Each structure stands twice: as C-alpha cells, then as structure tokens.
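Structure first, commentary second.
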Amino acid sequence: MVSIRDANDTWYQLKVQGLEDMGMLARIIDPDEWLIALRENGCRVTDVQEMLVRILAHAESPLSAEQAWEAARQIRPETGRATVYRTVEKLEGLKLLRRIHGYQGCSHFMPTLPETMMLFICLVCGRVDYLDSQPLDELIHQSEQTSGHHITDSRLQLFGTCVICQQTRS
C-alpha cells in the first residue's frame, strides 16, 4: 500500500502490485519541497506530476516507475506511462529519488534523505529501513584521513531479512 495525500488534503490508499503488507518507513519527506525544486529547475509542474511526486515521496518500499504508473492510474486512469518515466528521471536527476541497486534489478527508487544513511532492504518483503549512519560516518572520515580524498557522497545498501520476516519464518 502507498498512502498519499493530494493538494486538497484527500488521502488515498493505493494498492501497488508486489507491495502488499509492507512495513512503514519512518522518515519525513515533504513533497512540496520536491515540487519547488522541479519548478526552480525550469519544469512546468502539471497536476499529474504533482500526483506522481506525492506517490513517490510517500512510498513505503522501493517503487519502479511501472509501479508508480499503476498507482497513479488508480487516481487518474488516463495517466501516461511516458509522463511517469520522465518525472522519475527528473526527480532522480535532482537527487530527490535514489535508485536502489540490486533490488529486483536497478529499476526501483526511494526518496533520498538529506543526510548520509545506510539503507537496509529486506529481500523477502521489500521493507526498507534507514539505519544509524554513525559507523558509516566514522568510516568515511577515516577514509578521508588516510587517502587524502574529499568524499562528498556515499550510498551503502544492505540486503537481508528484516526482523518481522525472521519472526514469521520461525
């Protein structure tokens, strides 16, 4: 399920194929900031793009552009697939969406958080958690000290089985 709220404060619960019963990702993402970023970068934001931004910003698990399109069509059946793919490409280019590598290929996306975080993805249910980044921060600092390089970005993705799926299997 993906929960989104439109500009009129109407909430939609969207069922996205393959994302049933996903865990809640605890994070704060403001889709209005994404819309501002799009406009500031010369994009004319349509109602459809605004809806897509809200779907992608509130996704609880990695979404493919195809899944975002399916969710958008639940609200606006006439939504074009190409519009979704172009919007995803723009959001990724603005570093608002982060491509998830190694999760059902490399065609899924999650909102990018402003700080460096380690990303855990459950390979059983698709649940995503951002983990404490302190060990990663220390490693980056140590790497800068020993190499002399200035590191400006990192993406650490961890894959495995979440606590809930481990308990379900027991």
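For the structure I just gave you, tell me whether Val163 is under 24 Å from Ala59 (Cβ atoms), aliphatic (A, V, I, L, M), open to solvent by 70 Å² or more (accessible area, probe 1.4 Å) and touching a helix residue (DSSP H, G or I) at 6+ places or on another chain (Cβ under 8 Å). Reasoning before the result, please.
Details: under 24 Å from Ala59 (Cβ atoms): yes; aliphatic (A, V, I, L, M): yes; open to solvent by 70 Å² or more (accessible area, probe 1.4 Å): yes; touching a helix residue (DSSP H, G or I) at 6+ places or on another chain (Cβ under 8 Å): no.
When the stated conditions are applied, Val163 does not pass them.
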Going through the range 50-106 in order, the residues found to be of a type in the set (Asp, Glu) and either assigned to a helix (DSSP H, G or I) or out of contact with any helix residue (DSSP H, G or I) (no Cβ under 9 Å at 6 or more places or on another chain) (or both) are Glu50, Glu60, Glu66, Glu70, Glu89, Glu92
Long-range neighbours under 9 Å by Cβ, at least six apart or interchain, first residue farther than 18 Å from Ile29 by Cβ within the range 76-98, second among the polar types (S, T, N, Q) and surrounded by fewer than 13 Cβ atoms within 10 Å (Cβ to Cβ): Thr83/Thr46
Select from the range 115-150 the residues that are free of Cβ contacts under 8 Å to residues at least 24 places away in the same chain and assigned to a loop (DSSP other than H, G, I, E, B) and write down the one among them that is nearest to Arg169 (Cα to Cα). Asp132
Determine whether Val45 is touching a Leu at 6+ places or on another chain (Cβ under 8 Å), at pLDDT below 65, among the hydrophobic types (A, V, I, L, M, F, W, C) and surrounded by 13 or more Cβ atoms within 10 Å (Cβ to Cβ). no
If Ala71 satisfies every condition in (1) free of Cβ contacts under 8 Å to residues at least 24 places away in the same chain; (2) closer than 30 Å to Arg44 by Cα; (3) not aromatic (Phe, Trp, Tyr) but one, which is the exception? (1)
Scan of the range 48-76 for residues that are open to solvent by 10 Å² or more (accessible area, probe 1.4 Å) and under 14 Å from Asp32 (Cβ atoms), ordered by number: Gln49, Glu50, Met51, Arg54, His58
Could you please find all residues in the range 154-167 being touching a residue at least 12 places away in the same chain (Cβ under 8 Å) and not aliphatic (A, V, I, L, M)? Ser154, Arg155, Gln157, Phe159, Gly160, Thr161, Cys162, Cys165
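Mind checking which residues of the range 77-124 are among the small types (Gly, Ala, Ser), modelled with pLDDT of 85 or more and either touching a His at 6+ places or on another chain (Cβ under 8 Å) or more than 22 Å from Ala37 (Cα to Cα) (or both)? Let's see the steps before the verdict.
Filtering the range 77-124 for residues among the small types (Gly, Ala, Ser) gives 80, 82, 93, 102, 105, 107.
So of that shortlist, the ones also modelled with pLDDT of 85 or more come out as 80, 82, 93.
Matches in the range 77-124: Gly80 only.
The values are calculated or read from the model by the stated rules, or taken from the named source; none is laboratory data. Bear in mind the structure is a predicted one, so any value in this text is a computation, not a measurement. We place every Cβ from the backbone using ideal geometry, glycine too, and count neighbours over all the protein chains shown. These accessible areas exclude ligands, DNA and RNA; they are computed on the full protein's heavy atoms, side chains included. Shrake-Rupley method; radii C 1.70, N 1.55, O 1.52, S 1.80 Å.
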